[in-house]
Amino acid sequence: MTYKTRALQCLAASEPEAVREVAESLRDVGVGIRQEGGSLNDFHVRNEALWQDPVGVVRQEGIILRRVRPPLLVQDGGYVLPHVTDDVLRPLMERLAEEETRGRVGLAILRTGSLAVLNVPGLTHLATGWAVRRDGPDSATVVTNRHVARHFAGADGMGRYPLHPAPREGRYEVEFDLKNEHARSDRWPLRVEDVLYIAPDTAPDIALLRVRGAPVENLWLEINETLAFAAPPKGQYVGLVGYPAEDPTADRAAVEAYYEGIFNRKRFGWAKVLSQLSEAVFSHDASTLGGNSGSIMFDLKTGAVVGLHYGWVPDAADAQIGGHNVAVTGAEVEKVLCGLRPTSVPGAALPEAARWSASGAFSGRDGYRPEFLGPTVAPPAPLNHPLAEAKNDDDGATTAELRYRHFSVWMRAGRRLPLMTAVNIDGGTAKRLGRGDWWFLDHRLPEAAQAGPEGYLGNPLDRGHMVRREDPVWGDLTEAAEANRDTFAYTNAAPQHEALNQRHWLALEDYILANARTQALMVSVFTGPVLTENDPPFPAASGGAEAFRIPLAFWKIACVVDAETGRLSASGYLLAQGDLIRKMLEEFAYGGFMTYQVPLRRIAEVAGLGLDHLLPFDPLEDGRPLPESGLRPIHAARDIVL
């Protein structure tokens, strides 16, 4: 057996508190325990500083207890029990070996599957979902998280959630595989046919998918069609099944001891319910990593579903665990399944009203590199746009460029929004990391110079990433984790309607990176809002003061080097949301919007930017015909001209 057992060989004679914790867990599932001089051999040296993240951004998953929550590998529909010689852990292994326990856990294992996007690089192992009900002879509804579903689908403004356009042709091909077990080659794949629901930011982190495939009929021969839901009282021990993925932000010693280098495979673990954080959310202490998002949580005694795991929250006040994992209650999942209105949880969308990065957090950041593609590609020049001044973390000098890992931001003075962003993308070393939703203010700028969370509560506005979260997440794991966190700076956000933000822009870089002629899968991208004096004001959630003025359009320029000709290409795009935003200001109604490829001259004109150095490399400058408007509508990837 390749799965090592030392993660469970962890009880010795020096930590009686840990033994009591194990004893309490075992009593809850009916196992007696003897404490004959045994305690933990601390394979994880206590994390003295908890998780020291210089900017304090939540990571998506977390290992809470480094000693007594080892997740067990699943094989052939059951969990693998390592050989344990320790007198204290042996009773637990014996209890888990019993048919009754295996049966309850087995039902959760059977209905849980991995989610992956088959035709998009970097999303081949995405997260977890679980079948909750049968919809027909060959279809079922699967539950996962909102932040998972947004990787491959988004709202269209008309109550639907279409799959994103694929980098080449068609749509994202999303698979739900009920197997993906360690050291097993058999698969049980179903196709994600529809996305039925993606919760808004102010609702619990839930999404519903419809899957279809021949195995569903067999699946429902083995499990009940009606799934029971139960409330998770504090102190209850519950099971969790999911697909943990490698996570560079998690504690390395605990990851090594618990996971032994085996990731993206089905595992079963257990947890204690720590507290009820709100009507819709509770905390727990299961061991999770990126990929566990969407895991089923269930009562070990009855098998009833108690929750849907979705993430990890740091808690520096608790020196024992350094944070807690969080889950949506089973009752909230049941409510959504029944078509009822979900509980509003604005705190989940904005956990901290004024979260700041720490001084020195961005020391050594490389920022945007003009020479990244080989030929020097300078960012646009800000014509007639005053820039906000910031303090450099490296030497304290005044600068207009805010450098982050692999990208830079220039803020427009007086607007509290970015004028433009610039990012280098290396598709060859891209990493897939869990999404965190804890945005932060950048300490290098005064608060008055950046728009914080006050404008995004109680309305359909999203904090739209200017540098897309996935774009700078490349390089080694440390660099990728830094870039992942850096993208959640409020300096990298501009207000966008939620339907626009979730659906548009997503295919542009994907298409360019996947284009067979793109040299080394490397791209440099400039993005920003079109800022004008006529942009409509929008009040803060508290009323009265203006939070910001809303841009009615956004621009993007993608620069690549053709692998065959060695020639630089710089293509420009505009995304307009004018009608949509104007209607929203009156009645929060949805409206139409469109993405267009446009000549760079048009972007220079409407955005007030100097682009003369890029005009010779614009593919639309070669005399090919354009519509009378000068805008080339982008309906699918085939419409993009490079």
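So, ALA319, is that one under 24 Å from the mean Cα position of the chain (by Cα), closer than 30 Å to ARG444 by Cα, modelled with pLDDT under 90 and in a loop (DSSP other than H, G, I, E, B) or not?
Answer is no for this residue.
For the stretch 196-229, a residue qualifies if it is out of contact with any helix residue (DSSP H, G or I) (no Cβ under 6 Å at 6 or more places or on another chain), of a type in the set (A, V, I, L, M, F, W, C) and touching a residue at least 24 places away in the same chain (Cβ under 8 Å), and the qualifying residues are LEU196, ALA203, LEU208, LEU209, VAL211, ALA214, VAL216, LEU219, TRP220, LEU227, ALA228. Inside the stretch 105-120, can you point out the residues that are assigned to a helix (DSSP H, G or I) and farther than 10 Å from PHE268 by Cα? Once the filter is applied, which keeps residues that are assigned to a helix (DSSP H, G or I) and farther than 10 Å from PHE268 by Cα, the stretch 105-120 yields LEU107, LEU110, ARG111.
Remark: pairs (first residue in the stretch 341-363, assigned to a loop (DSSP other than H, G, I, E, B) and at pLDDT below 85; second residue loosely packed, with under 15 Cβ neighbours inside 10 Å and among the aliphatic types (A, V, I, L, M); Cβ separation under 8 Å; 6+ apart in sequence or on different chains) are absent.
In the stretch 235-268, the residue that is nearest to the chain's Cα centre (by Cα) out of those that are surrounded by 22 or more Cβ atoms within 10 Å (Cβ to Cβ) and among the small types (Gly, Ala, Ser) is ALA245. Scan the stretch 425-441 and tell me whether some residue there is closer than 27 Å to SER571 by Cα, among the basic types (Lys, Arg) and at pLDDT below 90. Within the stretch 425-441, one or more residues are closer than 27 Å to SER571 by Cα, among the basic types (Lys, Arg) and at pLDDT below 90.
THR128 versus (1) over 17 Å from the mean Cα position of the chain (by Cα); (2) modelled with pLDDT of 85 or more: which is the lone unmet condition? Exception for THR128: condition (1).
Output the residues belonging to the stretch 210-227 that are modelled with pLDDT under 90 and among the small types (Gly, Ala, Ser). Hit for the stretch 210-227 is ALA214, nothing else. Taking the conditions (1) at pLDDT 80 or above; (2) of a type outside the set (D, E, K, R); (3) assigned to a loop (DSSP other than H, G, I, E, B) in turn, ALA558 satisfies each one other than (3).
Would you say ALA280 is assigned by TED's automatic domain parsing to the domain that holds ILE296, crowded, with 17+ Cβ neighbours inside 10 Å, modelled with pLDDT of 85 or more and over 29 Å from SER185 (Cα atoms)? Taking the combined requirement at face value, the residue satisfies it.
Applying the selection to the stretch 64-94, what residues are modelled with pLDDT under 75 and touching a helix residue (DSSP H, G or I) at 6+ places or on another chain (Cβ under 7 Å)? Scanning the stretch 64-94 gives ARG66, ARG67, VAL68, VAL84, VAL88, PRO91, LEU92. Taken over the stretch 527-555, the criterion of being modelled with pLDDT of 80 or more and within 26 Å of the chain's Cα centre (by Cα) is satisfied by THR527, GLY528, PRO529, ILE550, PRO551, ALA553, PHE554, TRP555.
For the stretch 120-127, does any single residue satisfy the condition of being surrounded by 16 or more Cβ atoms within 10 Å (Cβ to Cβ), in contact with a strand residue (DSSP E or B) (Cβ under 8 Å, 6 or more places away or on another chain) and farther than 19 Å from ALA430 by Cβ? Within the stretch 120-127, not a single residue is surrounded by 16 or more Cβ atoms within 10 Å (Cβ to Cβ), in contact with a strand residue (DSSP E or B) (Cβ under 8 Å, 6 or more places away or on another chain) and farther than 19 Å from ALA430 by Cβ. For the stretch 252-270, the tally of residues that are charged (D, E, K, R), in a helix (DSSP H, G or I) and within 21 Å of ALA116 (Cβ to Cβ) stands at 0. State whether one or more residues within the stretch 218-234 are under 19 Å from the mean Cα position of the chain (by Cα) and crowded, with 20+ Cβ neighbours inside 10 Å. The answer is no; no qualifying residue exists.
Between GLY170, GLY235, which is in the same structural domain as PHE298 (by TED's automatic domain parsing) and not aromatic (Phe, Trp, Tyr)? It is GLY235. When residues in the stretch 158-209 are screened for being of a type in the set (Gly, Ala, Ser), at pLDDT 85 or above, part of a loop (DSSP other than H, G, I, E, B) and crowded, with 20+ Cβ neighbours inside 10 Å, 2 of them pass. Considering the conditions (1) over 25 Å from ARG412 (Cβ atoms); (2) at pLDDT 80 or above, SER524 is excluded by exactly one of them, (1). Scan (1) under 18 Å from ASN145 (Cβ atoms); (2) in contact with a Gly (Cβ under 9 Å, 6 or more places away or on another chain) for the single condition LEU208 breaks and write down its number. The one condition LEU208 does not meet is (2). Considering only the stretch 299-314, state which residues are part of a strand (DSSP E or B) and over 19 Å from TRP438 (Cβ atoms). Hits for the stretch 299-314 are ASP299, VAL305, VAL306, GLY307, LEU308.
Note on the stretch 379-412: residues that are surrounded by fewer than 15 Cβ atoms within 10 Å (Cβ to Cβ) and assigned to a loop (DSSP other than H, G, I, E, B) amount to 8. Within the stretch 380-394, residues that are on the phi < 0 side of the Ramachandran plot have Cβ atoms under 7 Å from residues that are in a loop (DSSP other than H, G, I, E, B) and among the aromatic types (Phe, Trp, Tyr) in these pairs: ASP393/PHE362, counting only partners at least 6 apart in sequence or on another chain. Residues that are farther than 21 Å from PHE554 by Cα and among the acidic types (Asp, Glu) within the stretch 395-445 comprise ASP395, ASP426, ASP437, ASP442, listed in sequence order.
The values are calculated or read from the model by the stated rules, or taken from the named source; none is laboratory data. These numbers were taken from a predicted model, which means no experiment stands behind them. With ideal geometry, Cβ positions are generated from the backbone for all residues, glycine too; neighbour counts draw on all protein chains shown.
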